[in-house]
Structure formats: structure tokens, C-alpha cells
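The values are calculated or read from the model by the stated rules, or taken from the named source; none is laboratory data. This structure is a prediction, so every number in the text was calculated from the model and none was measured. When we count neighbours, we look across all protein chains shown, and the Cβ atoms used for this are built from the backbone with ideal geometry, even at glycine. SASA here: full protein model, heavy atoms, side chains in, ligands and nucleic acids out. Shrake-Rupley method; radii C 1.70, N 1.55, O 1.52, S 1.80 Å.
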Amino acid sequence: MAGRDRGHPTGRWLRRSTATLVVLVFAFAAISYQLDLGKRWLGWDYPSPVTEPAEVAPPPGLTLPTPVNAPVVAEPTEDRAADPAAVRRALAKLVRSKKLGPHLAVAVDQLIDGETVYSAGADLVIPASTMKLVTTLTALETMGP
């Protein structure tokens, strides 16, 4: 080691100390996250967009209009049994349509007891999106079959 100055760190020591520092920072971050130390030590108590979406402030510079309550578009109705003949008439033309493709299945069940009112098509299918099902249910409940 002739010619080396003992006052300067060697490359090996520098690499080891840097790696140790990185590991310590990651360990502290993980512990801080698990123990929620940001809230306790630094006062970081931000509302959660998952559990408290109304409490989350908009980004700086964004002004939002004051929300107003939406008007009622339909009155609640009493549960009643669907008429199988009316459901069949309402869906028959749609089920026969070639625009919906060859792999079509339709099943309408009573909400009261789960009894099948109408079914057509294949037995094994992948269902449409949940929102489409909710929209269809709402339309049938509001407007009837």
C-alpha cells in the first residue's frame, strides 16, 4: 500500500458504508411505514382517499364548484314479482339479434326469491360488467319490463 494516504477512505470502505447507509434508510422507511411514524412524529395526518374521500383537499390551484344535491329521478317502489311473459316479450327481439354475437346468454331472476323468470342461450358464459348489470336492473325496476 505504498503511496496511499491513510487519511482518505479506500474504495472498499466507501462502498460498504454507502451500502450500509442505503440499507439503513430502507429499513427505517419500512419501519416508519409499518408503525405509522409519520403521523406520530411529524404530524402527517392526511385523510385517506379510500376511507374519507370527501375530506381529501383538491390540488392547489384547482377550484371546484359547490356540490348540490341531485334531484330525485325515481320514487322507490314496492317489491313485486316480475311477469315472465312480459320479460320474454321485452327480451325476445334482443336475444334474436345477430348484433350481440353468437355467445349470448340471458338470465333474469326474481329479486324476492331468486327464482328464474327467463333464460336463453348458453349455460356457461363470462358475465358482462357489474355496472351493466346494475344499470339493467335499475332500468327494469324503474320502467318495468
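If you take the residues of the stretch 70-87 that are under 28 Å from the mean Cα position of the chain (by Cα) and closer than 16 Å to residue 137 by Cβ, which of them is least open to solvent (accessible area, probe 1.4 Å)?
The selected residue is 74.
Could you tell me which residue of the stretch 119-133 is nearest to residue 93 (Cα to Cα), considering only residues that are open to solvent by less than 80 Å² (accessible area, probe 1.4 Å) and at pLDDT below 80?
Applying the filter and picking the extreme gives 122.
Considering every residue within the stretch 81-88, establish whether at least one is of a type in the set (Lys, Arg) and in a helix (DSSP H, G or I).
Yes, the stretch 81-88 contains a residue that is of a type in the set (Lys, Arg) and in a helix (DSSP H, G or I).
Report, ordered by the first and then the second residue, all pairs with beta carbons closer than 9 Å, sequence separation of six or more or different chains, a first member in the stretch 96-118 that is open to solvent by 100 Å² or more (accessible area, probe 1.4 Å), and a second member that is assigned to a strand (DSSP E or B).
103/121; 115/109
Considering only residues that are loosely packed, with under 10 Cβ neighbours inside 10 Å and either part of a helix (DSSP H, G or I) or out of contact with any Lys or Arg (no Cβ under 6 Å at 6 or more places or on another chain) (or both), which ones fall in the stretch 36-48?
Answer for the stretch 36-48, where residues must be loosely packed, with under 10 Cβ neighbours inside 10 Å and either part of a helix (DSSP H, G or I) or out of contact with any Lys or Arg (no Cβ under 6 Å at 6 or more places or on another chain) (or both): 42, 43, 48.
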